[in-house]
Amino acid sequence: MTLPRPHDRSRRFDVVLFGATGFTGRLVAEYLAEHYGASSDLRVALAGRNRAKLEEIRRGLPAAAKDWPILIADSHDRASLDAVAKDTSVVCTTVGPYAKYGAELVASCVAHGTDYCDLTGETQFVRRMIDQHHELAKKTGARIVHCCGFDSIPSDLGVLMMQEASKERFGVPLQKITYFAGETKGGFSGGTVASMLNLFEEIARDKSVLKILGNPYALNPEGERKGPDGSDQKGVRFDRDLGQWTAPFVMAAINTRVVRRSNAILGYPWGKDFRYAEVMSTGKGPRGLARATAITSFLGGFMGAAAIDPIRKMLAARVLPKPGEGPSKEARDQGFFVTRFVGKTADGRELRGRVAGTSDPGYGETAKMLAESALCLALGGPSEGGVRTPASTMGMLLVERLRKAGMTFEVR
């Protein structure tokens, strides 16, 4: 068994970006090169299956990245993954759907005590990695941090920010927090679509996946998978605290589970009676009600259609964006997102918070969040190994990095 390693710079690389030839992978590479490439202290390598494509991507990066090494590895070739994992402090991967292409890389990182971060929003994949690797990762020192993009950084770090503010101002944690996905402008990620369609394929093969997806505490440690929260919102509701109509939020299915896992593996600093929910805010009055109704109907129709095999295949082939596709730079730069938090203590005192980004949430801001997560793992202080979450591993250090990178994290 590999012994725990200190989180220092004893390995050849600080960060290896795996999947640099994909659409989001290119954006992460560009971000690292533009913002950190001039630093002689940061050692980055690009990894993937195709050397020619990797060299082409490197040529298109800022000059500071011209000497970044290229490593050849395949998602299903364990020997090649081992060679990458043992040579770097952190593997940062954009190769999804992770349920299809991510398991061997996680196993390799765990075996070699290598930190890892990804963009998955696949609850069933994260649960498998917890069940298979958490205990060994604690022994080897590997910090396996899933969900380091739009799902679930705003949720997980937003809640942490709110709880830290509550303890500072009130001396107690918030007993309940609601996340409201608000104004957003951005393209629909082809990788996200591929992950959703793969989930329906898994359900068709194995109905037990539905049990995992339906448990609000599915990502909590074994024996701690119950609590006060029920199912995610499925219909239209009016929220009196925000004063707006709300609809279901599709990403709640992963985000809420990540937040609850953070609370659990941190030792329940927010209490075992802590409650958390995510919804989409749609506005006030008749227009807000109409939007909430339309969103709810669309989500229900999409999920129902995607569950039917012929329709799912047609959607994948003809209608939805493919992995590797995405919006232009101009469109990404015009994007943004705003999320709001309303939290209350057990005795009714209230805090409100806001997390926002200034570019397309699924691409520009996601690339920023993943890159900064990788750097926080590589250059930040040590924390316990295991299959963890952003809040429980990088915490307020990552909040500060993201603030400096242009994101808003504020409480009032």
Confirm whether G214 is free of Cβ contacts under 8 Å to residues at least 24 places away in the same chain, within 21 Å of the chain's Cα centre (by Cα) and surrounded by fewer than 21 Cβ atoms within 10 Å (Cβ to Cβ).
-> yes
What single numbered condition from (1) touching a Gly at 6+ places or on another chain (Cβ under 7 Å); (2) not assigned by TED's automatic domain parsing to the domain that holds D333 fails to hold for G158?
-> (2)
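Which of the residues spanning the range 85-112 are surrounded by fewer than 23 Cβ atoms within 10 Å (Cβ to Cβ) and of a type outside the set (D, E)? Give the steps one after another, and end with the answer.
To start, the set of residues in the range 85-112 that are surrounded by fewer than 23 Cβ atoms within 10 Å (Cβ to Cβ) comprises 86-87, 99-101, 103-104, 107, 111-112.
Selection gives K86, A99, K100, Y101, A103, A107, A111, H112.
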Counted residues, the range 392-412 - those being in contact with a Lys or Arg (Cβ under 9 Å, 6 or more places away or on another chain) and either under 20 Å from D118 (Cβ atoms) or modelled with pLDDT of 95 or more (or both) | 11
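Conditions (1) part of a loop (DSSP other than H, G, I, E, B); (2) modelled with pLDDT under 95; (3) of a type outside the set (F, W, Y); (4) in contact with a Phe, Trp or Tyr (Cβ under 9 Å, 6 or more places away or on another chain), marked per residue:
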site	(1), (2), (3), (4)
F200	no, yes, no, no
I203	no, yes, yes, no
L210	no, yes, yes, no
L213	no, yes, yes, no
Y217	yes, no, no, no
N220	yes, no, yes, no
E224	yes, no, yes, yes
G227	yes, no, yes, yes
G230	yes, no, yes, no
If you go through the range 113-130 one residue at a time, do you hit one that is touching a strand residue (DSSP E or B) at 6+ places or on another chain (Cβ under 8 Å), assigned to a helix (DSSP H, G or I), surrounded by fewer than 24 Cβ atoms within 10 Å (Cβ to Cβ) and not hydrophobic (A, V, I, L, M, F, W, C)?
-> no
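Evaluate the following for M396: is it assigned to a helix (DSSP H, G or I), in the same structural domain as F125 (by TED's automatic domain parsing), within 22 Å of G186 (Cβ to Cβ) and of a type in the set (A, V, I, L, M, F, W, C)? Give the derivation first.
Working: assigned to a helix (DSSP H, G or I): yes; in the same structural domain as F125 (by TED's automatic domain parsing): yes; within 22 Å of G186 (Cβ to Cβ): no; of a type in the set (A, V, I, L, M, F, W, C): yes.
Considered against the rule, which asks whether it is assigned to a helix (DSSP H, G or I), in the same structural domain as F125 (by TED's automatic domain parsing), within 22 Å of G186 (Cβ to Cβ) and of a type in the set (A, V, I, L, M, F, W, C), M396 comes out as no.
For residues that are of a type in the set (A, V, I, L, M) and in a helix (DSSP H, G or I), scanning just the range 399-412, find the one that is farthest from S359 (Cα to Cα). So that I can check it myself, show each step before the final result.
Looking only at the range 399-412, we keep the residues that are of a type in the set (A, V, I, L, M), and these are 399, 402, 405, 407, 411.
From what's left, in a helix (DSSP H, G or I): 399, 402.
Details: V399: 17, L402: 13 Å.
Residue satisfying both the conditions and the ranking: V399.
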What number of residues within the range 338-358 are buried (at least 23 other Cβ atoms within 10 Å of the Cβ) and either among the hydroxyl-bearing types (S, T, Y) or farther than 16 Å from L242 by Cβ (or both)?
-> 2
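Does L299 satisfy being over 25 Å from the mean Cα position of the chain (by Cα) and surrounded by fewer than 19 Cβ atoms within 10 Å (Cβ to Cβ)? Step through it out loud before you land on a result.
Values: over 25 Å from the mean Cα position of the chain (by Cα): no; surrounded by fewer than 19 Cβ atoms within 10 Å (Cβ to Cβ): yes.
Taking the combined requirement at face value, the residue does not satisfy it.
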Part of a helix (DSSP H, G or I), polar (S, T, N, Q) and assigned by TED's automatic domain parsing to the domain that holds V342: does that describe S297?
-> yes
Note on the range 255-309: residues out of contact with any helix residue (DSSP H, G or I) (no Cβ under 9 Å at 6 or more places or on another chain), of a type in the set (F, W, Y) and at pLDDT 95 or above are Y268
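Being in the same structural domain as E168 (by TED's automatic domain parsing), of a type in the set (S, T, Y) and at positive phi is true for just one of Y276, Y268. Which residue is that? Spell out how you get there, then give the answer.
Numbers: Y276 fails: at positive phi.
When all the criteria are applied, what remains is Y268.
Can you confirm whether A356 is part of a helix (DSSP H, G or I) and at pLDDT 95 or above? Show your work before the answer.
Numbers: part of a helix (DSSP H, G or I): no; at pLDDT 95 or above: yes.
Spelling it out, it is not the case that A356 is part of a helix (DSSP H, G or I) and at pLDDT 95 or above.
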Failed condition for L160, given (1) surrounded by 19 or more Cβ atoms within 10 Å (Cβ to Cβ); (2) of a type in the set (A, V, I, L, M, F, W, C); (3) at pLDDT 95 or above; (4) outside any helix (DSSP H, G or I), with all others met?
-> (4)
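The values are calculated or read from the model by the stated rules, or taken from the named source; none is laboratory data. Small disclaimer: the values here were computed from a predicted structure and weren't measured. All Cβ positions, even for glycine, are placed from backbone atoms using ideal geometry, and neighbour counts span all protein chains on display.
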